[in-house]
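A quick write-up on the structure given underneath.
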Amino acid sequence: MGLTRAWISMIADELLADGILEERPQLTAQRGRAPTPLALRGDAYFAGCAAISRSGCRIGIVNIGGDVLAEKEIRTDCAEGGSEKLALLADALEKMLAGAGLPENRILGVGVSAPGPLDAEEGRILNPPRFDAWHGVDLVTPLKARLGIPVYLANLATACAVYCYHRPETADSDNYLLLIVNEGGVGSGIISQGKLLHSAGRFTSELGHVSIDYRGRPCPCGNTGCLEMYAAIPRILEEAGGRYASWRDAVDRGADDVIRREAQYLAAGIAAAVNMINVDTVLLAGDILYGFDRLSTEISAALSGRLLPPGASSLRILPAPSGAGIDILCAGDIVFSRFLTM
């Protein structure tokens with residue numbers, strides 16, 4: 001940083017006094033004074049969260065240490081318009097934040113994750129398939145005006161990718177990571193050289209709308225033969241003739257043909273991404289995680305001989321971190337990532 005030891009000490013003292021840093025147990029010194037490690041306090045900053053999906057919305061509050069302090073599910077009818085849903089979301093967030101009793105100057109903002117495609121810079125959802133009620137809705141402007149704090153919108157898959165990239169489970173990933181969320185649709189996020197891959201306007205990768213069959217099924221996005229039209233869980237179940245109520249049901253009943261076909265579809269998308277960007281780790285997230293070992297084995301087999309970059313044969317396919325509150329943590333990380341990289 002080009003700063004002297006004295007300047008560093010002054011800055012550290014101020015951050016300690018403000019309750020942003022905390023001292024950890026001293027290290028053992030070979031000689032001289034033992035150093036005292038400093039760390040960011042887990043309760044130094046907070047973020048409001050909203051994870052919007054095709055099945056509803058969950059809101060919460062998390063701290064920068066990764067603890068979920070509050071969470072609540074908001075059930076909304078898909079037939080409702082986006083404006084009604086947005087009003088319900090704003091009311092619930094306002095009440096939750098007001099009732100938490102947190103210092104206002106320590107609430108950094110609200111992170112909102114939603115299916116893509118969306119325009120994160122403008123804070124607007126574009127036209128995600130089977131998400132019609134939210135099409136064209138500006139989420140950020142009205143929420144920011146209502147709550148009086150910064151509001152950031154991000155694709156739920158890319159929010160999950162950023163969150164997962166910094167977790168111990170994926171720490172061995174060199175620089176390139178592809179995360180695929182497969183539930184009602186297929187979303188993706190790519191980390192390239194340690195940073196989220198996006199274009200102007202923070203538009204991020206949409207692997208679900210890469211065509212795997214140029215003469216295939218028309219997609220609501222306007223493209224033809226999109227990966228999502230084949231690999232999304234509702235689509236693979238439709239292709240099975242309605243024999244299974246859910247992906248979990250198909251796995252539990254040993255539907256090897258369905259699992260193999262899903263693996264082949266996902267392998268087509270993964271091969272396109274790896275041959276273009278040479279990712280070294282693929283994470284699967286969402287409902288598709290059920291029966292992961294069987295599916296990942298089939299994906300690896302389907303990828304055999306299709307990957308061009310040197311070293312691609314060692315591609316790792318791993319389950320993304322999951323469990324209670326993971327959607328809330330990913331949404332909160334949208335805020336903390338912005339804050340820490342300003």
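The values are calculated or read from the model by the stated rules, or taken from the named source; none is laboratory data. Predicted, not measured: the structure shown is a model, and the values here were computed from it. Cβ atoms come from the backbone with ideal geometry, glycine included; neighbour counts cover every protein chain shown. Note: accessible area is taken over every heavy atom of the protein model, side chains too, but ligands, DNA and RNA are not part of it. Shrake-Rupley method; radii C 1.70, N 1.55, O 1.52, S 1.80 Å.
How would you classify the stretch 90-220 from its alpha-carbon gyration tensor, with a ≥ b ≥ c the square roots of the eigenvalues: rounded for a/c under 1.5, else prolate if a/b is greater than b/c, otherwise oblate? Show your work: numbers first, answer last.
On the way: a/c = 2.35, a/b = 1.35, b/c = 1.74.
Note, shape of the stretch 90-220 comes out oblate.
Quickly rank 111-118, 252-259 as a protection proxy: mean count of other C-beta atoms within 10 Å, highest first.
Details: 111-118: 26.9, 252-259: 14.6.
Going by the mean number of other Cβ atoms within 10 Å, highest first, we get 111-118, 252-259.
Can you sort Glu228, Glu14 by solvent-accessible area, 1.4 Å probe, largest first? Show your work: numbers first, answer last.
Values: Glu228 5, Glu14 115 Å².
From most accessible down to least: Glu14, Glu228.
Is the shape of the stretch 1-134 best called rounded, prolate or oblate, per the rule: a/c under 1.5 gives rounded, else a/b larger than b/c gives prolate, else oblate, with a ≥ b ≥ c the square roots of the Cα gyration tensor eigenvalues? Kindly include the intermediate steps, with their values, before the conclusion.
On the way: a/c = 3.22, a/b = 2.58, b/c = 1.25.
Taking the square roots of the gyration eigenvalues as a ≥ b ≥ c, the stretch 1-134 is prolate.
Using only helices, what value at 222 nm comes out for the chain when you add -39,500 (n - 2.57) per DSSP H run of length 4 or more and divide by the total residues, to the nearest 500 deg cm²/dmol?
Numbers: 10 runs with 115 residues, N = 342.
So the calculated ellipticity at 222 nm is -10500 deg cm²/dmol.
Tell me, what ³J(HN,Hα) does each residue in the stretch 326-340 have, in order and in whole Hz, if you take phi through Karplus 6.51 cos²θ - 1.76 cosθ + 1.60 with θ = phi - 60° and put x for Gly and Pro?
Ordered by residue, 3J(HN,Hα) equals 5, 5, 5, 5, 5, 5, x, 5, 4, 6, 5, 5, 5, 5, 7 Hz.
Full extension from Ala34 to Lys195: what is 0.36 nm times the residue separation minus their Cα-Cα distance, to one decimal in nm?
Values: separation 161, 0.36 × 161 = 57.96 nm, distance 3.50 nm.
Separation in residues times 0.36 nm, less the Cα-Cα distance, equals 54.5 nm.
Arrange the residues Val68, Val151 by how much accessible surface each exposes, largest first, with a 1.4 angstrom probe. Show your work: numbers first, answer last.
Numbers: Val68 55, Val151 10 Å².
Largest accessible area first, the residues go Val68, Val151.
Please work out how much accessible surface His198 shows to a 1.4 Å probe, ignoring ligands, DNA and RNA, in Å² rounded to 10.
80 Å²
Roughly speaking, what is the stretch gain from Ser83 to Tyr214, that is 0.36 nm per residue apart minus the C-alpha to C-alpha distance, in nm to one decimal? Walk me through the numbers before you get to the answer.
Numbers: separation 131, 0.36 × 131 = 47.16 nm, distance 3.61 nm.
That pair, Ser83 and Tyr214, stretches by 43.6 nm at full extension.
Using just the alpha carbons, could you tell me how many Å³ per residue the convex hull of the chain encloses?
Values: hull volume 59.4 nm³, N = 342.
Measuring per residue, one finds 174 Å³ for the Cα hull of the chain.
For the pair Arg75/Arg306, report the inter-label distance in nm, with labels modelled 7 Å from Cα in the Cβ direction.
My value for the distance between the label points is 4.0 nm.
Would you mind putting 48-59, 156-167, 270-281 in packing order, based on average other-beta-carbon counts within 10 Å, highest first?
Highest mean packing first, the order is 156-167, 48-59, 270-281.
Counting only the backbone N, which residues of the stretch 202-236 are under 17 Å from the spot 7 Å out from the Cα of Asp287 toward its beta-carbon?
Those under the cut-off are 228-236.
For Ala98 and Glu121, calculate 0.36 nm times their separation in residues minus their Cα-Cα distance, and state this gained length in nm to one decimal.
Values: separation 23, 0.36 × 23 = 8.28 nm, distance 2.69 nm.
Result for the pair: 5.6 nm of gain on full extension.
Using a 1.4 Å probe on the protein chains only, how many percent of the accessible area of the stretch 212-318 belongs to carbon and sulfur? Mind dumping the intermediate values first?
Numbers: 2410 of 4960 Å².
After summing per-atom areas, the C and S share lands at 49 percent.
Rounded if a/c is under 1.5, else prolate if a/b is larger than b/c, else oblate: which is the stretch 123-163, with a ≥ b ≥ c the root eigenvalues of its Cα gyration tensor?
Details: a/c = 3.33, a/b = 1.16, b/c = 2.86.
Oblate.
Could you do me a favour and compute the accessible area per residue for the stretch 210-342, 1.4 Å probe, result in Å²?
Working: 6150 Å² over 133 residues.
That works out to 46 Å² for each residue.
Rounded to a whole number, what % of the accessible area of the stretch 105-163 do carbon and sulfur atoms account for, probe 1.4 Å?
Numbers: 1050 of 2070 Å².
Roughly 51 percent of what the probe reaches on the stretch 105-163 is carbon or sulfur.
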